[in-house]
1. Specify the residue that is surrounded by the most Cβ atoms within 10 Å (Cβ to Cβ); the eligible residues are those in the range 1-34 that are hydrophobic (A, V, I, L, M, F, W, C) and not in a helix (DSSP H, G or I).
2. Check the range 68-81 and report whether any residue there is modelled with pLDDT of 90 or more and exposed (fewer than 12 other Cβ atoms within 10 Å of the Cβ).
3. Within the range 2-59, work out how many residues are hydrophobic (A, V, I, L, M, F, W, C) and on the phi > 0 side of the Ramachandran plot.
4. Only strands (runs of 3 or more DSSP E) wholly contained in the range 50-94 count here; list those with 1 or more residues that are over 30 Å from PRO38 (Cα atoms) and among the basic types (Lys, Arg).
5. All but one of (1) at pLDDT 85 or above; (2) aliphatic (A, V, I, L, M); (3) within 30 Å of VAL105 (Cα to Cα) hold for LEU58, so report the exception by its number.
6. What's the number of the condition VAL21 fails, among (1) touching a helix residue (DSSP H, G or I) at 6+ places or on another chain (Cβ under 7 Å); (2) at pLDDT 85 or above?
7. Within the group ARG87, ARG97, which residue is touching a helix residue (DSSP H, G or I) at 6+ places or on another chain (Cβ under 9 Å) and either loosely packed, with under 14 Cβ neighbours inside 10 Å or outside the structural domain of PHE20 (by TED's automatic domain parsing) (or both)?
8. Please tell me if ASN67 is outside the structural domain of MET18 (by TED's automatic domain parsing) and closer than 30 Å to VAL105 by Cβ.
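The values are calculated or read from the model by the stated rules, or taken from the named source; none is laboratory data. Owing to the predicted nature of the structure, the values given are computational and were not obtained by experimental measurement. All Cβ positions, glycine included, derive from the backbone under ideal geometry; neighbour counts span all protein chains shown.
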Amino acid sequence: MTVPVVLAALLFWAAVFMIFVASQGVSPVEFFLGRYEPLPQDLGTWRKTGNDEQTGLLREERLLLPNGNAKAGHLVRQVRHRDPATRAIMRIETEQRVPRRRESVR
């Protein structure tokens with residue numbers, strides 16, 4: 001007899017909590033873990049990050065959303081090295097996953 005009563009009480013308080021979280025405008029995951037930080041303003045555009053000291057090539061990088069998914073937990077960093085005179089791409093590094101940080105919503 002006590003098990004159904006306890007389960008009903010837990011279900012009731014879980015529903016109350018879900019209503020509270022929904023009234024805050026966040027999902028339960030965002031409530032506990034936080035929202036992802038805003039996307040960078042230069043998302044998808046190549047940025048010059050300097051010259052490689054050993055080869056003298058111009059280093060450029062950009063950040064992309066994986067498959068255009070704005071809710072992804074990471075970004076993709078692409079890096080390429082170009083000849084400063086001819087602007088030809090000389091070398092491309094492998095893509096790297098950059099984890100996105102979370103900001104508290106509380």
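1. VAL26
2. No, there is no match, as no residue in the range 68-81 is modelled with pLDDT of 90 or more and exposed (fewer than 12 other Cβ atoms within 10 Å of the Cβ).
3. Just the residues of the range 2-59 that are hydrophobic (A, V, I, L, M, F, W, C), to begin with: 3, 5-22, 26, 29, 31-33, 39, 43, 46, 57-58.
Narrowing further to those that are on the phi > 0 side of the Ramachandran plot: none.
Number of matching residues: 0.
4. Details: elements: 58-64, 74-82, 89-92.
It comes to 89-92.
5. (3)
6. Condition not satisfied by VAL21: (2).
7. Result: ARG97 is the single residue among ARG87, ARG97 that is touching a helix residue (DSSP H, G or I) at 6+ places or on another chain (Cβ under 9 Å) and either loosely packed, with under 14 Cβ neighbours inside 10 Å or outside the structural domain of PHE20 (by TED's automatic domain parsing) (or both).
8. Yes; evaluated as a whole, the condition is true for this residue.
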